[in-house]
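A short worksheet on the structure shown next.
The values are calculated or read from the model by the stated rules, or taken from the named source; none is laboratory data. Since the model is a prediction, treat every value here as computed from it, not as a measurement. So basically every Cβ, Gly included, is an ideal-geometry build from the backbone, and we count neighbours across all protein chains shown.
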Amino acid sequence: MFLPLLPDVISGTLSASDICYDIGARCKRVRAEFTQAQIQRIDPQSLRVETSCGERRPDYMIVALGCETNYFGHPELSQRARGLKTIEDAQFIASDCIQRASNSSEEPANYLIVGGGYTGFETAAAISRIYRNKTGLGGERLRKVASIRIMEIMSHVFPHSSPRVRKWAAELARENGLEIKTKTTVREVHDDGAALLSTGELVRGARVIWTAGVAPGPELWQMPVKKTKGDRILTNEFLQLPGHERVYFAGDSAGVIPAGSDRPLNMSVQAAVSEGRRAALNVLCALQGRRVGAYRPRQLGYVVPLMEGVALGNVLGLEVYGRIPFLLHYAISVLMAWDWRQQRAIASGFFRAATKKGAAKKAAFTDLFPDQ
């Protein structure tokens, strides 16, 4: 599954089949064995992996488990707040929104999106789009039928962006019926659906969607090895677990610290793909008796869609926002698709999103680069 496109499944821009890949079929074509199982324990010392389908003892190991939703010490919230890590999550949110939007009520439907980062903003925008398509309303009028709030514990959203971009995003949110609440989060979610905010406000009938962050799962943070901040597994420059040259880590759970830096690479598709390739090449080198190669990341930047037709990011050190990064993001998504059928489906869905009425107006109000 191509995780960055999950919000597009919520909004209806894409279907589940557009972003999901049959790993078993792919492995069969390249003569690799595929086993679907739950990882229970990884022992790097003895090169042993315990799974729900039994124990495996490989000669080499590449661990690329990714991360799961981080509830920051409140596991009970996982039973009452929806994350956004699976197709089932996206489909549930979409179905719930469509059902609520179809029901007439004097009180607005309440949505609390916890986490004011890119995923939170894009998820809120996808919900807004469902309601805008259903009701034909926008801005302040939309808030009368759907209260969609982005909750951010920090003093502002997008902390790594410039004030100008944050101001632009806030205006974009307002025009599309979204409300941004900073220095606020959800403390409790009750059985009856009421959510208690850190401000003391009680929001009744709330659908809480948790996008506040991710962390490695218990099968990784229980490993007695060195970790970075956030419990990512610390690797050496070859992506090996220090002291275990036959164990490699790649993807979001890998804490890869580039030369000259004191912090690990940010989690991204770009990093995960390049780490996976380097780890696989190193295993092949080891099998052939050749020296393994160091991982040298190329940090070209990132682009993240916020709403249909507009996106923001940083490309080669330059802050970009508006229509062009939106087109760039989806061009990359098309290129990274599994086959030509998915490439066609993704390109078609994004073309419809980019040409949606009103998108041009939103993009025209922005500049590609902020003032220097």
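A compact table of results
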| read-out | value |
| --- | --- |
| Subset tally (residues that are crowded, with 16+ Cβ neighbours inside 10 Å and in a helix (DSSP H, G or I)) for the range 335-344 | 2 |
| Filtered residue count, the range 148-171, keeping only those that are under 15 Å from Tyr118 (Cβ atoms) and among the basic types (Lys, Arg) | 1 |
| Filtered residues of the range 305-315 (kept if surrounded by fewer than 24 Cβ atoms within 10 Å (Cβ to Cβ) and either aromatic (Phe, Trp, Tyr) or at pLDDT below 90 (or both)) | Gly309 |
| Elements of type strands (runs of 3 or more DSSP E) contained in the range 1-88, each with 2 or more residues being in contact (Cβ under 8 Å) with a residue 40 or more places away in the chain | 39-43, 61-63 |
| Residue match in the range 270-281 (condition: free of Cβ contacts under 8 Å to residues at least 24 places away in the same chain and not in a helix (DSSP H, G or I)) | no |
| Unique match (being at pLDDT 95 or above, among the charged types (D, E, K, R) and under 27 Å from Phe72 (Cα atoms)) among Glu201, Glu219 | Glu201 |
| Residue list for the range 242-259, restricted to those being out of contact with any strand residue (DSSP E or B) (no Cβ under 7 Å at 6 or more places or on another chain), small (Gly, Ala, Ser) and over 18 Å from Gly301 (Cα atoms) | Gly243 |
| Test: Arg129 is over 17 Å from the mean Cα position of the chain (by Cα), crowded, with 20+ Cβ neighbours inside 10 Å and of a type outside the set (Phe, Trp, Tyr) | yes |
| Residue pairs meeting the criteria (Cβ under 6 Å; at least 6 apart or on separate chains; first in contact (Cβ under 8 Å) with a residue 60 or more places away in the chain, in the range 255-268; second part of a loop (DSSP other than H, G, I, E, B)) | Met267/Asp252 |
